[in-house]
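Okay, structure first, notes after.
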Amino acid sequence: MVNPFYASVILFVGRAWDAFTDPLIGFLVSKSPRRKIGTLIPWIVMSTPFAVTAYTLLWSVPSSTMSLQAKIMWYLLWYCLFQTLLTCYHVPYSALTMFISSRQKERDSVTAYRMMVEVLGTVTGAILQGQIVSAFSKHTSTKCYKQGFKFDTSNSSLSTSKPVVVADPSSEITPAVLKDMRTGYVVGAAATAGVFCLCAIVLCLGVKEKTSPYHADGNSKSQKSFFNGACKVLRHGPYVKLIIGFLFTSLAFQLVEANFALFCTYSMDFGQDFHNIVVTILVMAALGIPFWQWFLGRFGKKTAMFVGMLWAIPFLVLIIIIPSNLTMLYFIAMSSGFSVSAAFLLPWSMLPDVVDDFILKYPEYTGHEAIFYSFYVFFLKFASGISLGISTLSLDFAGYKIGSCDQPENVAFTLKMLVSPVPIALILLGLLLFRLYPINEQRRREIIKGLEQLKVEKAKMECEDVKHCIVQR
C-alpha cells in the first residue's frame, strides 16, 4: 500500500512523461516505412502485447515485504511504461481514420462509431474490473459518517476519482483480506487486458490501411526532423485555432470531472450515488453520439460545436442552485450527457478537416497525419494536468482535509465554483476563440474539390510513369 501523496506524485510524473512522449511517438510513426499491412497497423500489433503486460504488472505487487521506495519505483516504472506503450497504440489508432477512407463523410462516420465504442468501452472496462475486484474484496468495507448520515463507498472502482472517506473504526483489513484484494486487482487487470487484446485483434484483422490518394510516389517529401515536422504542423493556422479553442472547452469538462466526486460528497450529500451518476452520464454520452453525428451532417460541425457546448451551461447552473435532490441530479446527469458526447465527438470529427486543409495547402509534404493527432492528444493531456493543478491548489486554499468526512464550509463553496462558474467561463472563452476557426461548411466543400483535383493529378502522374516504363522496355 502506498501513501496517497506518493500515489499523486506517481500519477503526476506519469502524466508529464506521457505528455512528453505523445509528439515524439507521432513523429516516429510518421517516419516509419510502409509494410505489407501498412504504416500504422504494425505499431498497433507490436505495442499491444507489451501494453497489456505493463498494465497487468501495474496492478500487482511482487512481494509484501518490498520497501516503500521500491514500491514507488515499481509503480512509477510500470505506469510510465504503460503510458508510453498506450501512446504507441493510440496515436496510430486515432490517425488510422485518415487512411481508412479519403471521403469526409465516411471518416466522420468512422469517428462517430469509434467515439461511441470508446465511451461504452470505458464503462464496460470499469464495470468489469470493478466487479472482479468487488468479488475478491467482499469482506472489506469503508464507511463514512457525516452529520448523522452514513454512506458506504466500498468495493467500487468505476472511476479513478473517488470520494475521500474516513474508515469506520470497527472495520479492519487483515493480511488475508489484503491478499484477496491484491489478487482481485491482478485478476481484474488481466481480464481487462484480455478484452484489450481481443479488440486489437479485431482491429488489425478487420481494418485495411490504405495509402494516401493525394501523393504520387517519388514526388513527395516528408519532414526531415522532429523539430521541422512539429513547426510545420503548429504553424498551420486552422489547427492552432482548433486546439486552443478545444483546450479551453476540454479544460472546462475536465474540471467538472476532477471535482465531481467531492462535489457529490460534500456539497450535495450524495456520495453514495456518485458512481451511478457517472455511469448515467457516460451511457447518455454514448447514446448522444449518433444524434450529434446526424446534427453535424445536417447543420455543420461548427454549428454543432456551438450548440453542444452551450447545451451544458444551463445544467451547470442548475447543479449549484437547486437544493439537494437526487432525482433532479439524475435528470441533470442525463441531460448533460449530451454535451459530454459532443465534447467526445466533435474534436476528433473536426481534426480530419484540418489535416485535409494542410494536405491541400502543402501537397508536396507527406506523413504529417500522426503528428497532427499526437499533438492534439498532447494538448488534451495538458488540459487534464491544468485541471488537476487548479483543483488541488483551490481545495488546499479552501482548507480541504484529506481523509476527513467533515470539511470546512469553504470547501463546499470552492467545489461549487469548480464545477459551475469556472467551467462556464472556460466554455464561453473557448466559443469566442472558435469564432476564429476558418473551416466552415463552405470551406469544407472547397477542400473536397481541391483534394479531388489532387487525386486526378496523382492518377495522371502514375499513368505517365507507367507509359514511360513501357516505352523504356
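Does segment 101-126 hold any residues that are without any contact (Cβ under 8 Å) to a residue 60 or more places away in the chain and over 30 Å from Thr211 (Cα atoms), and which are they?
Result: Ala126, single match.
Is segment 398-406 home to any residue that is modelled with pLDDT of 80 or more, within 31 Å of the chain's Cα centre (by Cα) and surrounded by 13 or more Cβ atoms within 10 Å (Cβ to Cβ)? Before you say what the answer is, go through the steps one by one.
Of all residues in segment 398-406, those modelled with pLDDT of 80 or more come to 398-400.
Subset that is within 31 Å of the chain's Cα centre (by Cα): 398-400.
Within this subset, residues satisfying the condition of being surrounded by 13 or more Cβ atoms within 10 Å (Cβ to Cβ) are 398, 400.
For segment 398-406, residues modelled with pLDDT of 80 or more, within 31 Å of the chain's Cα centre (by Cα) and surrounded by 13 or more Cβ atoms within 10 Å (Cβ to Cβ): present.
Counting just the residues of segment 442-473 that are among the β-branched types (Val, Ile, Thr) and modelled with pLDDT of 65 or more, which one comes out surrounded by the fewest Cβ atoms within 10 Å (Cβ to Cβ)?
Only one residue fits best here, namely Val456.
With respect to Ser335, is the statement that it is buried (at least 21 other Cβ atoms within 10 Å of the Cβ), hydroxyl-bearing (Ser, Thr, Tyr) and over 21 Å from Phe413 (Cα atoms) true? I'd like the intermediate steps shown before the answer.
Numbers: buried (at least 21 other Cβ atoms within 10 Å of the Cβ): no; hydroxyl-bearing (Ser, Thr, Tyr): yes; over 21 Å from Phe413 (Cα atoms): yes.
No; evaluated as a whole, the condition is false for this residue.
Can you go through Phe291, Phe306, Phe299 and tell me which one is of a type in the set (Phe, Trp, Tyr) and closer than 24 Å to Ala425 by Cβ?
Working: Phe291 fails: closer than 24 Å to Ala425 by Cβ; Phe299 fails: closer than 24 Å to Ala425 by Cβ.
Step by step, each of Phe291, Phe306, Phe299 is checked, and only Phe306 is of a type in the set (Phe, Trp, Tyr) and closer than 24 Å to Ala425 by Cβ.
Here is a list: Ser30, Ser67, Ser63. Which entry is crowded, with 18+ Cβ neighbours inside 10 Å, of a type outside the set (A, V, I, L, M, F, W, C), more than 18 Å from the chain's Cα centre (by Cα) and more than 24 Å from Val195 (Cβ to Cβ)? Give the steps one after another, and end with the answer.
On the way: Ser67 fails: crowded, with 18+ Cβ neighbours inside 10 Å; Ser63 fails: crowded, with 18+ Cβ neighbours inside 10 Å.
The match here is Ser30.
Considering segment 263-273 alone, what residues qualify as being over 15 Å from Ile332 (Cβ atoms) and either surrounded by fewer than 21 Cβ atoms within 10 Å (Cβ to Cβ) or in contact with a Gly (Cβ under 6 Å, 6 or more places away or on another chain) (or both)?
Thr265, Asp269, Gln272
Within segment 46-69, is there a residue that is in contact with a Ser or Thr (Cβ under 8 Å, 6 or more places away or on another chain) and touching a residue at least 60 places away in the same chain (Cβ under 8 Å)?
At the first step, the residues of segment 46-69 found to be in contact with a Ser or Thr (Cβ under 8 Å, 6 or more places away or on another chain) are 55.
Next cut, touching a residue at least 60 places away in the same chain (Cβ under 8 Å) only: 55.
Yes, the conditions are met somewhere in segment 46-69.
Among helices (runs of 4 or more DSSP H) lying entirely in segment 1-101, which contain 3 or more residues that are within 25 Å of Gly184 (Cβ to Cβ) and modelled with pLDDT under 90?
On the way: elements: 4-30, 41-58, 68-95.
The qualifying helices (runs of 4 or more DSSP H) are 4-30, 68-95.
Starting from segment 25-44, take each residue that is among the hydroxyl-bearing types (Ser, Thr, Tyr) and list its partners that are in a helix (DSSP H, G or I), counting only C-beta distances under 6 angstrom and pairs at least six apart or across chains.
Pairs that qualify, where the first residue is among the hydroxyl-bearing types (Ser, Thr, Tyr) and the partner is in a helix (DSSP H, G or I), are Ser30/Ala370; Ser30/Ile371.
Can you find, within segment 94-113, the residue that is nearest to the chain's Cα centre (by Cα) among those that are surrounded by fewer than 21 Cβ atoms within 10 Å (Cβ to Cβ) and either within 30 Å of Ile10 (Cα to Cα) or among the hydroxyl-bearing types (Ser, Thr, Tyr) (or both)?
Once the filter is applied, the top-ranked residue is Tyr113.
Which ones in segment 176-196 are of a type in the set (Ser, Thr, Tyr) and either under 11 Å from Gly130 (Cα atoms) or under 26 Å from the mean Cα position of the chain (by Cα) (or both)?
Residues satisfying the conditions are Tyr185, Thr192.
Residues that are farther than 16 Å from Gly385 by Cβ, over 19 Å from the mean Cα position of the chain (by Cα) and crowded, with 19+ Cβ neighbours inside 10 Å: does segment 244-262 have at least one?
yes
Yes/no per residue for (1) outside any helix (DSSP H, G or I); (2) within 19 Å of Ser32 (Cβ to Cβ); (3) modelled with pLDDT under 90; (4) among the hydrophobic types (A, V, I, L, M, F, W, C):
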{"residue": "Ser339", "(1), (2), (3), (4)": "no, no, no, no"}
{"residue": "Leu345", "(1), (2), (3), (4)": "no, no, no, yes"}
{"residue": "Pro352", "(1), (2), (3), (4)": "no, no, no, no"}
{"residue": "Val355", "(1), (2), (3), (4)": "no, yes, no, yes"}
{"residue": "Phe379", "(1), (2), (3), (4)": "no, no, yes, yes"}
{"residue": "Phe382", "(1), (2), (3), (4)": "no, no, yes, yes"}
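Could you figure out which of (1) of a type outside the set (Gly, Ala, Ser); (2) crowded, with 18+ Cβ neighbours inside 10 Å; (3) free of Cβ contacts under 8 Å to residues at least 12 places away in the same chain isn't true of Leu316?
(3)
Check segment 413-429 and report whether any residue there is touching a residue at least 24 places away in the same chain (Cβ under 8 Å), closer than 19 Å to Asp108 by Cα and of a type in the set (A, V, I, L, M, F, W, C).
no
Yes or no: Leu436 free of Cβ contacts under 8 Å to residues at least 40 places away in the same chain, of a type in the set (A, V, I, L, M, F, W, C) and exposed (fewer than 14 other Cβ atoms within 10 Å of the Cβ)?
no
Within segment 266-312, can you find the residues that are among the small types (Gly, Ala, Ser) and in contact with a strand residue (DSSP E or B) (Cβ under 9 Å, 6 or more places away or on another chain)? Steps first, please.
As a first pass, look at segment 266-312 and keep what is among the small types (Gly, Ala, Ser): 267, 271, 285-286, 288, 297, 300, 304, 308, 312.
Listed by number, the list holds a single entry, Gly271.
Looking at the structure I just gave you, is Pro323 outside any helix (DSSP H, G or I) and without any contact (Cβ under 8 Å) to a residue 12 or more places away in the chain?
When the stated conditions are applied, Pro323 passes them.
May I ask you to verify whether Leu393 is in a helix (DSSP H, G or I) and either farther than 25 Å from Val411 by Cβ or hydroxyl-bearing (Ser, Thr, Tyr) (or both)?
No: the conditions fail for Leu393.
The values are calculated or read from the model by the stated rules, or taken from the named source; none is laboratory data. From a predicted model like this one, the values you see are computed outputs, not experimental measurements. Because the Cβ atoms are built from the backbone with ideal geometry, glycine has one as well, and the counts that use them run over all protein chains shown.
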